[in-house]
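Rule-based calculations on the coordinates, nothing more; no lab input. Keep in mind that this is a model prediction, so the values were computed, not measured. Backbone-built Cβ (ideal geometry, glycine too); neighbour counts: all protein chains shown.
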Amino acid sequence: MSRLAGRFAELAKEGRAGLVTYVMAGDPDAAQAQAILDGLPAAGADVIELGLPFSDPMADGPAIQAAALRALKAGASTRSALGQLKKFREKDQTTPVVLMGYYNPIYIYGAEKFCKDAAAAGADGLIVVDLPPEEDAELRPYAKTAGLDLVRLATPTTDDKRLPIVLEGASGFLYYVAVLGVTGTRSAVTDEVSAAVARFRKTTKLPIAVGFGIKTPDGAAAIARNADACVVGSALVQQVIEGPAAEAAGRVHGLVKALAGAVRAARAKRTA
Amino acid sequence: MTQLNSYRSGPDERGHFGIFGGRYVSETLMPLILEVERAYTAARKDPSFQKELDYYLAHYVGRPSPLWLAERLTKALGGAKIYLKRDELNHTGAHKINSCMGQILLAQRMGKKRIIAETGAGQHGVATATVCALFGLSCTVYMGATDIARQAPNVFRMKLLGAEVKPVTSGTGTLKDAMNEALRDWVANVENTYYIIGTVAGPHPYPMMVRDFQSVIGRETREQIMGFEGRLPDKLIACIGGGSNAMGLFHPFLDDKDVAMDAVEAAGLGLDTGKHAASLQGGRPGVLHGNRTYLLMNEDGQIDEAHSISAGLDYPGIGPEHSWLHEIKRVNYVAATDDDAIEAFKLLSRTEGILPALEPAHALAHVARIAPKLPKDYLIVMNLCGRGDKDIFTIGERLGVKL
């Protein structure tokens, strides 16, 4: 069983949703980024999304755009992101890590070599934001050979006619983008998300993670009542610049703890 | 290489020109891109759509634009006979409105009430703001903060036309960042918004659709040159940033194998300086803004900033069909520097009484380079795709004249 499948099975057994935390590789610098990543599991992250920095992240809002540019300015690259993951894996062999980014750096790295190197570094899956099902045949076979799940995105614009196209070939989990818009801007509306999750459950057995627009412990708890996992990214990345750079990891982990507590208590609260 | 029956049959049903093009967009946009494609496919087959477009092109834009035999320029260069396709005489002063008119008619067929656009030099922004004013639709134009500073007259023009101009400070504050921001807006407002892309780039169907709308340039040229000369030209020349004016001139001639085509990229300070906007000559294939095409980037696939005196050519990519035409060698891609463009600007102003925009001044620089060595019966048609009024401040600065 893959690390991702194993983790979602454990979560189901525990009867709770997971917390997926997104951080940007190399942000704000190599050392702090490593400290941020390494401390996520202890702070309560169940799954980690590690952002690959890209100069033109057109599906991301201001917080993640700024994080990518900070990382690039500090010398980060696709290669250094894999190096950061490799170091993480020296200490943690159980927490699933999904690499999330845009296609151009992967294409330039070489799709086949990237999948091979990512798997060797300890990645479990890939999310490539600008590679929809119509175009991902150029990456999918290599991901499969390397044993990486290729996570597909569903959005409020993914209707029932389109959903099967998204699900065909999806693996790991289904990532539901809960708002129309870029990361970290609008807030997800709980009722609409519940309805969408219920709709997806009818057509797929994949775990459903919900992201975009979840900013606070309360917001995370609301999503965690129905979804299999909730994803928080922009709010965490924003913590990096909320104080001295040397203390960035402490701030990020502080928010992860609060989010994890809320997510773990979410269903208990409902039954109480 | 496989022998093609036609160079004009692309793209395939998935929007690919060879390995280029495609639909590399986020899932949120995918259904909308497919909707635009369906709507355009239907409009393309609908004679009433074409009739409506023709009406506005004739009576509002002022088409057909003249084909002008530039006799004094020809004499000054002393070689090939040079014709200028005068698309700078269109309403709003550039070829951009050809595609804006087509797209806004499509947006209305689709029931969209709000229009967004990106702009570099401001010509596409002005053309978009113009058609929005004409049809009473709300208009938001994204423009890099750097470009806003160097194209003040066009910014003011857009505002006078009722558009909201949103400065983009993210990234490098130029055209590529404006396009990122327009895509972000579109993702957030998919239900009511139509994105009028200004060039033959972006996700399918945009490269095909913008090309189709701009092809009116080449179709008219064909008819006009037959009228003057009774034969097709020997060579077509146009500048390229994204490449819409070049695609519009070239496409109707692609299957005429005796018609050569040169497209001129902006070499900025020089191709060997790294400060240029020549994606084909200085870049390599990658994926950005919805399509695979030649891009300027570093070894990690991070997009580089482009450099050109002309804001309209200052883009690190190029339309995917150009990438394909480059690889199959149907079109010859060359370059002209900032300095070359300034010299050409001065040349045309004094020989023909026409101030060209800095974009086609690059094409003219190439004309001036090759024409003297060619025989007098060699026919060149150059697309004069924009007028230079917007550039007088840039030129003044370059020439040390304070306006």
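Across the range B:42-57, coupling constants 3J(HN,Hα) worked out from phi with the 6.51/-1.76/1.60 Karplus curve, θ = phi - 60°, read 5, 5, 4, 8, 9, x, 5, 5, 5, 5, 5, 4, 4, 4, 5, 5 Hz, and Gly and Pro carry x. Taking every residue in B:167-173 and counting other chain Cβ atoms within 10 Å of its Cβ, the average works out to 2.
About its Cα centre, the range B:107-198 has a charge dipole of approximately 220 debye under the convention of +1 per Lys or Arg Cβ and -1 per Asp or Glu Cβ, with nothing else charged.
Cysteine residues of the protein assembly as shown whose Cβ has no partner cysteine Cβ closer than 4.7 Å: A:115, A:230, B:100, B:239, B:385. Highest-first packing order for the peptide set B:220-227, B:273-280 is B:273-280, B:220-227, based on the mean count of other beta carbon atoms within 10 Å. If I build a Gaussian network model for chain A, linking alpha-carbon pairs within less than 10 angstrom, which residue out of A:262, A:31, A:118 has the largest mean-square fluctuation? With Cα springs under 10 Å in chain A, the top fluctuation among A:262, A:31, A:118 is at A:31. For the range B:55-77, the residues whose amide N sits under 18 Å from a probe point set 7 Å from the Cα of residue B:226 along the beta carbon direction are B:64-68. With a threshold of 23 Å on the Cα-Cα distance, the over-threshold entries among A:13/A:116; B:257/B:329; A:13/A:205; B:235/B:390; A:161/B:51 are A:13/A:116; B:235/B:390; A:161/B:51.
Distance between the C-alpha centres of the range B:36-112 and the range A:101-155: 42 Å, rounded to the whole angstrom. Once you mark the GluC sites (Glu not before Pro) that are in a DSSP loop and have at most 16 other Cβ atoms within 10 Å, what is the longest gap between them in chain A? That gives A:1-167 as the longest site-free run. Considering only B:295, B:137, B:183, the Gaussian network model of chain B with Cα springs below 10 Å gives its largest mean-square fluctuation to B:137. With a simple spin-label model that places each label point 7 Å from the Cα along the Cα-to-Cβ direction, the separation between residue B:349 and residue A:10 comes to 7.2 nm. Averaged over the residues of peptide B:301-309, the number of Cβ atoms from other protein chains lying within 10 Å of each residue's Cβ is 4. Hey, can you list the DSSP H helices of chain A whose Cα span along the axis is 27 Å or longer and whose average Kyte-Doolittle score is at least -1.0? The answer, listed by residue number, is A:248-271. Considering only B:175, B:293, B:385, and ranking their Cα positions along the charge dipole of chain B that arises from unit charges at the beta-carbon of Lys, Arg, Asp and Glu, the one farthest toward the positive end is B:385. Taking 14 Å as the straight-line reach from the Cα of residue A:87, the aspartates and glutamates in range (excluding those fewer than 8 positions away in the same chain) are A:38, A:117.
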